[in-house]
1. Does Ile105 count as within 28 Å of Leu242 (Cβ to Cβ), among the β-branched types (Val, Ile, Thr) and not assigned by TED's automatic domain parsing to the domain that holds Lys15?
2. Condition first: part of a helix (DSSP H, G or I), touching a residue at least 24 places away in the same chain (Cβ under 8 Å) and not polar (S, T, N, Q). Can you find one or more residues in the stretch 87-109 that meet it?
3. Hey, any hits in the stretch 139-153 for a residue that's small (Gly, Ala, Ser), farther than 18 Å from Val223 by Cα and surrounded by 13 or more Cβ atoms within 10 Å (Cβ to Cβ)?
4. Based on what the data block shows, is Ser204 closer than 30 Å to Ser315 by Cβ, modelled with pLDDT of 90 or more, not in a strand (DSSP E or B) and not aliphatic (A, V, I, L, M)?
5. I'd like the full set of residues that are under 37 Å from the mean Cα position of the chain (by Cα) and either more than 17 Å from Ser321 (Cβ to Cβ) or among the hydrophobic types (A, V, I, L, M, F, W, C) (or both), limited to the stretch 283-295.
6. Leu192 versus (1) buried (at least 16 other Cβ atoms within 10 Å of the Cβ); (2) part of a loop (DSSP other than H, G, I, E, B): which is the lone unmet condition?
7. Starting from the stretch 182-206, take each residue that is over 12 Å from Gly95 (Cβ atoms) and not assigned by TED's automatic domain parsing to the domain that holds Ser155 and list its partners that are surrounded by fewer than 15 Cβ atoms within 10 Å (Cβ to Cβ) and at pLDDT below 90, counting only C-beta distances under 6 angstrom and pairs at least six apart or across chains.
8. Hey, any hits in the stretch 112-135 for a residue that's outside the structural domain of Ile26 (by TED's automatic domain parsing), modelled with pLDDT of 85 or more, closer than 22 Å to Asn14 by Cα and of a type in the set (Val, Ile, Thr)?
Amino acid sequence: MKMEDFNISMTQYNKGDIITGTIVMIGETEVVVAIGGLKEGVFPKEELDGVFKVGDAILVMILGEIDDKGCIKVTHSGVNKALEDKEKLKNLKVGSTLSFKVDEINSFGLLGDFMGYRVFLPFSQCATEDYVNKDNLKNRELDAIVIELNNLKKSIVCSTKLLKSNQTVPVDIGEIISGTVIKLEDKYAIVLLQNGDKAKLSISDASYEHIDKISSVVKLNGVYNFKVLDANTDFSRISVGLKQTMRNPLDDIFSNLNLGDVVEGVVVKILPVGAVIKLDNGITAMAITKENSDRANVATHHLYKLNSRVKGEISYLNRNSHKINILTNKKKES
């Protein structure tokens, strides 16, 4: 480690830190600022307006470099933009707008950095003028809208096409698309999709299990993959599902069942047509009254009692719709 790097680390200043310094000298070309460490900060005089004088406190941002006099390079004029960027970073989500400087151009798109996040602008998401001038955009600042965000990997995929056209890319029914939860109610959530559209997630499409509140499955500002269920954008109606992106646990249970298998369970409901039975494997089955009695017009409650345990054979099985009927009383051969 170089001595100057050691001196910076001793002050615990990092590149991008915003601190309050004190002006100790205003020279012809530079302003020197005491920043409380082993070294002083310095920035170009052109960044200073006439309001400040020696002895005044001033906000500066560490640039992380040392000049030829051994002072730490700082900036005053860049503080406001940095503070705005920090605020944007705190509220960063799909649909947010940001500015980033292009530092690399490859065969797939443009890349840059935004507050520690690596930004990728695919050519497919470039506005027409950006794509036409793509070879001249290096070191240029671009405004874009976030369409994908990965906080774990600190990566962003953005679009200038959506920002400049103020339009969204249409979604198709059945499409799997990333989205951010921007509003939560008990029975539904509003999701901002990565293409810029808003969609509704109903509680019935959030989980295969029974839930009382949708917040038990999704969190505000959480990013998830959704399946588009209805995409009628003409009426601003897009519905998405979360559970449809996952395997239904009932599929595994039903794949292990066969006609004639003996099952057991508890009667949980009495209906005119039959009894609803919660089987020990967690699924529900129907015991149809007329199929389980030799007597015509027998009432279901004469055959089954609520909360009683019953055993029977599977007489009907539909793995696609997850429906099952069982015979409990009537002999199989009758």
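1. Here the answer is no, as Ile105 does not meet what is asked.
2. yes
3. yes
4. yes
5. Within the stretch 283-295, just Ile283 meets the criteria.
6. (2)
7. Cβ pairs passing all conditions: Leu184/Leu220.
8. yes
The values are calculated or read from the model by the stated rules, or taken from the named source; none is laboratory data. None of the values given here were measured: they were computed from a predicted structure. Heads up, the Cβs are rebuilt from the backbone with ideal geometry, glycines too, and the neighbour counts pull from every protein chain shown.
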